[in-house]
1. Tally time: how many residues in region 114-157 are open to solvent by less than 30 Å² (accessible area, probe 1.4 Å), in a strand (DSSP E or B) and touching a helix residue (DSSP H, G or I) at 6+ places or on another chain (Cβ under 6 Å)?
2. Any idea which residue in region 295-321 is farthest from ALA48 (Cα to Cα), counting only those that are among the charged types (D, E, K, R) and part of a strand (DSSP E or B)?
3. Filter region 158-196 down to residues that are outside any loop (DSSP other than H, G, I, E, B), open to solvent by 10 Å² or more (accessible area, probe 1.4 Å) and of a type in the set (Gly, Ala, Ser) and give me whichever is modelled with the lowest pLDDT.
4. I'd like the residue in region 322-334 that is open to solvent by 10 Å² or more (accessible area, probe 1.4 Å) and either at pLDDT 90 or above or assigned to a strand (DSSP E or B) (or both) and, out of all such residues, is farthest from MET246 (Cα to Cα).
5. Are there any pairs with C-beta distances below 7 angstrom linking a residue in region 260-274 that is part of a loop (DSSP other than H, G, I, E, B) to a residue that is at pLDDT 90 or above, with the two at least 6 apart or on different chains, and if so which?
6. For region 332-345, enumerate the residues that are more than 19 Å from the chain's Cα centre (by Cα) and not charged (D, E, K, R).
7. Run VAL288 past the list (1) out of contact with any His (no Cβ under 9 Å at 6 or more places or on another chain); (2) open to solvent by less than 30 Å² (accessible area, probe 1.4 Å); (3) at pLDDT below 95 and report the number of the one that doesn't hold.
8. Could you check region 296-321 and list, in sequence order, the residues that are without any contact (Cβ under 8 Å) to a residue 60 or more places away in the chain, crowded, with 17+ Cβ neighbours inside 10 Å and within 16 Å of the chain's Cα centre (by Cα)?
Amino acid sequence: MRATERYRIPGLAAAVVVGAALLCAAATPRGASALLSGAIPVQPGAAAHTFKPSLPVGRRLTYRVLLTTEALPAPEADQMDKSAAGKASRYVQDADLRLTVAGVDEQGAVSLLAVLTRLKMEDGLVGAARSVELTQADKDRAVPDDAAPLDAIAAALVRTVVRIDLRPDGTVSSVTGLDEADQLGAAIGPEGARLLGAFSSASIERTVSSLLRLDTPGAAGAYPARQPGDTWTLADTLPLSGGDTMIITMRLTLGSLEGDQAKLTSVPWASIGEPDQRGHADSGRVRVSIDDQSASMSAAWDFGRGVLTERTSELTMTTTAHVGPRAGPPQRIRGRTEVKLVSIE
């Protein structure tokens, strides 16, 4: 027997797809740290611009969020499993996400209410995918007991009102209101988390953070002033199956500033951190390795209104899952996230 045996690990592909989608979408999730490397001091007389979001009570922001993730058979996988050759699967979430600022306390902590006013989902092999599209007009429509998982999850997400609490520094402290959707995803099995996509309780905090924040305040709570040419680094950790963690590092650059309109770019990078050994026997623990990756991000921010106006992230990654000496076939994932501010009230 060869030292490394290739085999399939049920549910692992779904976990990796979710992790990759979050890498493509996330910017400053919960617990993110900012290493203010390469910041250029503000020169006397220069305008001080900060990426502090403006979130007064009653403000309503609506974003279109378009998430596309494709699982592509890697070349080596094609050789091992001829039945997989050329069979790419695609998952799409196309949503209008409305965020309403419900409250702000004396310390600056913010409470948001999030609602999907429109949601279109597509899942399956490219060219033969199932799709569903719902709006708030459909939220009270009865869902048959035998509804397809995609239809059932879409219905649960559209009728959900999510409360998201932010600390004064903008990081997420709690998310409530997604119990029904999460329970439905868990009942479906490993694929349930993938179908919930950017709006499960495990990922919506990152989705929302990516809309609200491109920087992190310092120890005193003040956001640093930025000028064209400044660079800074943001990092976050995402949990994966079996106790592994995916560490996401983003080095952002403020490329241009015209009036109050800022353009930024970044090259995200993912790595696998030290495993959490609690409750996992090493011989049977699922581990994930990243074989290759490429990613990019561009964003636009309106300093005058204190909001993100556009953001596009792209990612291509090949991963392999391992249990002891055995390894699954390579899984190649391509993701793209597009965000655009639709309205501000």
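The values are calculated or read from the model by the stated rules, or taken from the named source; none is laboratory data. Quick caveat, the model's predicted, so the values are computed rather than measured. Cβ sites come from the backbone with ideal geometry, for glycine too, and all protein chains shown count toward neighbours. Heads up: the accessible areas ignore ligands, DNA and RNA and are worked out on the full protein's heavy atoms, side chains in. Shrake-Rupley method; radii C 1.70, N 1.55, O 1.52, S 1.80 Å.
1. 5
2. GLU314
3. Ranking the candidates gives ALA193 first.
4. The residue in question is ARG326.
5. Every condition considered, the pairs that remain are ASP260/ASP302; ASP260/PHE303; ASP260/GLY304.
6. First, pick out the residues of region 332-345 that are more than 19 Å from the chain's Cα centre (by Cα): 342-345.
Result: VAL342, SER343, ILE344.
7. Failed condition: (1).
8. The one that is without any contact (Cβ under 8 Å) to a residue 60 or more places away in the chain, crowded, with 17+ Cβ neighbours inside 10 Å and within 16 Å of the chain's Cα centre (by Cα): THR316.
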